[in-house]
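Scroll down for the structure; my scribbles are underneath it.
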Amino acid sequence: MKKILTICFLFVLQTSAWAQFRVEVSGVGLTQIPIAIASFRGEDAAPQKIASLVQADLERSGQFRAIDTSGSNLDETSRPDISSWRQKSADALLAGSVSRLADGRFDVRMQLWDVVRGQALGGQSKAVVAADLRLAAHEIADYVYEKLTGDKGVFSTRIAYVTKRGQSFNLWVADADGESAQSALASTEPIISPAWSPTGRQLAYVSFEARKPTIYVHEVATGKRRLVANFKGSNSAPAWSPDGKTLALTLSRDGGSQLNLLDLSNAGSEPRRIAQSSSIDTEPVFTADGRHIYFVSDRGGSPQIYRVAVSGGNPERVTFSGSYNISPTLSPDGRWMAYISRVNGAFKLHVMELATGNASAITDTNADERPSFSPNSKMLIYATQQQGKEALMTSTLDGKIKARLAGQNGDIREPNWGPFQK
Amino acid sequence: MKHTVVILGLVAMLSACGSSVKLDKVPVEDRSGSTSGSGNGANGANGADGSGVAKSNVASVDLSKSAQDGAPQGTARVVYFDYDSFVIKPEFQSLIEANAKYIRADKARKVVIEGHTDERGGREYNLALGQKRSEAVRKALVLAGVADGQLEAVSFGKEKPAVQGSTEAAMEKNRRAEISYR
């Protein structure tokens, strides 16, 4: 059974043609927290509907179910009739207000109640400019998510992805819900492999603008770009070390695709080779402690995922089933590895529990690519194809709750989920 | 509801006017040697692009006939490969010899060999596979007497198909290495 919850409307506008993620729920028996989210008092006069943004965020996580609040008249100062919300089977209640300040900013206030225990869980207030009202709503969703699940929310984080329309390529930065997309780079040549720096201020990526693959580091807020790898041959697959000082990358300057470490703090320094082989070594990714690198190699005859210490030593093989395992990505909590495995000719997103090596496919699509974890390790974003069109998907790690961001006038690909905002 | 759509739309439009970078306007700090020439994609490989074409359609593009500055006239420049293979088939040996002879004749000439794959599989892994193809051609040219310093082997992976489409015929045309006289 597949049910499509259309929790938002799609804009048909040139500038925001990629619109929002739409949630698709599959599977039954999910444990979801029932939450009542009342309209924020005054939000009809504000540029953003705070309550519906918060609700859409929480539903996309797969861990919440919204309870009808029509007819309620609440804000953060109310003393709600808890027993009536208990009767509606809400476990939690959120209310708040938005008001315009004399200086033009908006004062956003909220209060969260635990309906089961009948007590207030806390509140927040902040004054923001109109352009930051969406961010304020995402931060409220993060607050609610953390209070009710114990995990940090990721609704105020950002994602990067690439679109292709004709021979036009764009690198975009958008909110985690797919909204507010802004183009960071426009090019007539392909752009692949964008990777957020640990601070969330820079993107490393591969650009073909020089008619060969070279690697740039791009400061998102200013647009300032630095060409960090333009060695003879191909330069690709950039990955940041957790401290942001080193870039792991694939260079072919010595013949063959080989892993290298580049010291970013020391301009002009020589890359250092690791995991040397006479085969393909590529797609490096650091572990959260920065001590190991997972990567793809065909040294055993077919592409498989290996793990090597940054300090050196022999790589050890990580994947053993299947003849094509690529694009490893590690959860920030260190528990999971997501990767793409070819199964009967189909390329499927898999999630492996690293402690046990148990892995399973979590999609029913056939051309999955390039997964990355949300910073709280609870969700994945990846690219795929549906009805012959490229789309981006988010999914819970068990594959039960997915949301889709469709490309409307072209292709959409190469997602990367950014870190927590600092 | 309608009002919200309009207002949100305006906000989206305004915020979309952010700091997009146009490639020709940005100062770039190059810390690792020279950037290669800014030849701007005047390659026949793009000729088959375009939407509104039937999926099964295969537009035939013959790169050996496309004009490229400095390319030898009447000499084919594209080596095609079998699926998952980097072996230069015997039928392309005369192409290698003809290009090698041409490159040998001008020691100042620089030539780039561009490897490509079909659309199956991941982008980065395909980039590495395309690199294997371009390096197979580079090695064959060196064996045919070309100085290695005149050659650079690079890869476009699956990013620049010669032919659009997912048919076997299209994919055959995309598994290739092009000898490029930029």
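Odds and ends about this structure:
- Between the stretch A:155-185 and the stretch B:84-163, the alpha-carbon centres lie 33 Å apart.
- Shielding of B:144-153 by partner chains, average beta-carbon count, 10 Å: 2
- Shielding by other protein chains, A:250-258, mean Cβ within 10 Å: 4
- Residue-averaged [θ]222 nm for chain A, counting only DSSP H segments that reach four residues, each worth -39500 (n - 2.57): -2500 deg cm²/dmol
- Reduced Cα scattering model of the stretch A:146-197, Debye log10 I(q)/I(0), q = 0.17 Å⁻¹: -0.59
- Sum of side-chain charges, A:THR396 neighbourhood, beta-carbon under 9 Å (Lys, Arg +1; Asp, Glu -1): +2
- Along its principal axes, the stretch A:38-88 has C-alpha extents of 31, 30, 17 angstrom, given from the largest down.
- Counted by Cβ distance under 15 Å from A:GLY313, the other residues give a net charge of +4, where Lys and Arg count +1 and Asp and Glu count -1.
- Rel. contact order, % - alpha carbon contacts under 8 angstrom, at least six apart, the stretch B:72-182: 38
- The string of couplings for the stretch B:152-167 from the Karplus curve (6.51, -1.76, 1.60, θ = phi - 60°) is 10, 9, 10, 9, 10, x, 9, 6, 10, x, 6, 10, 6, x, 10, 6 Hz, one whole number per residue in order, with x for Gly and Pro.
- Computed 3J(HN,Hα) for the stretch A:74-91, one whole-Hz value per residue from the Karplus formula 6.51 cos²θ - 1.76 cosθ + 1.60 where θ = phi - 60°, is 10, 9, 5, 8, 5, 10, x, 7, 4, 5, 5, 6, 5, 5, 7, 6, 7, 8, glycine and proline marked x.
- Amide hydrogen neighbours beyond the local backbone of A:ILE37, cut-off 5 Å, H modeled: A:ILE67, A:LEU94
- Shape category assigned to the stretch A:106-173 from the gyration tensor of Cα positions, a/c cut at 1.5: oblate
- Antiparallel content of DSSP bridges confined to the stretch B:72-182, in %, to 5: 55
- ³J(HN,Hα), Karplus 6.51/-1.76/1.60, whole Hz, each residue of the stretch B:125-133, x for Gly, Pro: 5, 5, 4, 5, 5, x, 5, 4, 5
- 5 angstrom amide H check on A:VAL318, placed H, neighbours 5+ away: A:ILE305, A:TYR306, A:ARG307
- Order of B:ARG176, A:ARG105 - criterion: other Cβ atoms within 10 Å of each residue's Cβ, fewest first: A:ARG105, B:ARG176
- Other protein chain C-beta atoms within 10 Å of residue C-beta, averaged over A:180-189: 5.
- Size-normalised alpha-carbon gyration radius of the stretch A:31-149, reference 2.2 N^0.38 Å: 0.99
- Annotation: the residues A:TYR161, A:TYR339, sorted from fewest to most other C-beta atoms within 10 Å of their own C-beta, follow the order A:TYR161, A:TYR339.
- Cα gyration tensor shape for the stretch B:72-182, rounded if a/c is under 1.5, else prolate or oblate: prolate
- With the simple model of a label 7 Å out from the Cα in the direction of the Cβ, A:SER321 to B:ALA76 spans 4.4 nm.
- Summary value for the stretch A:132-202: 21 percent relative contact order, contacts being C-alpha pairs under 8 angstrom separated by 6+ residues.
- Interatomic Cα distance distribution for the stretch A:338-420, bins of 10 angstrom, percent: 19, 53, 25, 3, 0
- Electrostatic bookkeeping for A:ALA181 treats Lys and Arg as +1 and Asp and Glu as -1; over the other residues with beta carbon under 13 Å from its beta carbon, the sum is -1.
- Sequence of A:VAL310, B:VAL154 once ranked by neighbouring C-beta atoms within 10 Å, starting from the fewest: A:VAL310, B:VAL154
- P(r) histogram, all alpha-carbon pairs of the stretch A:268-422 included - 10 Å bins from 0, percent: 11, 39, 34, 14, 2
- Within a Gaussian network of chain A (alpha carbon springs, distance under 10 Å), most fluctuating of A:PHE231, A:PHE347, A:PHE286: A:PHE231
- Distances between placed amide hydrogens fall under 5 Å for A:PHE64 paired with A:ILE33, all partners being 5 or more residues away or on another chain.
- Of every Cα-Cα pair in the stretch A:158-417, the percent that sits beyond 30 Å: 22
Read-outs throughout are calculated quantities, based only on the coordinates presented, and are distinct from any laboratory measurement. For clarity, every value in this text was computed on a predicted model and none was experimentally measured. Virtual Cβ from ideal backbone geometry, glycine too; neighbours counted across all protein chains shown.
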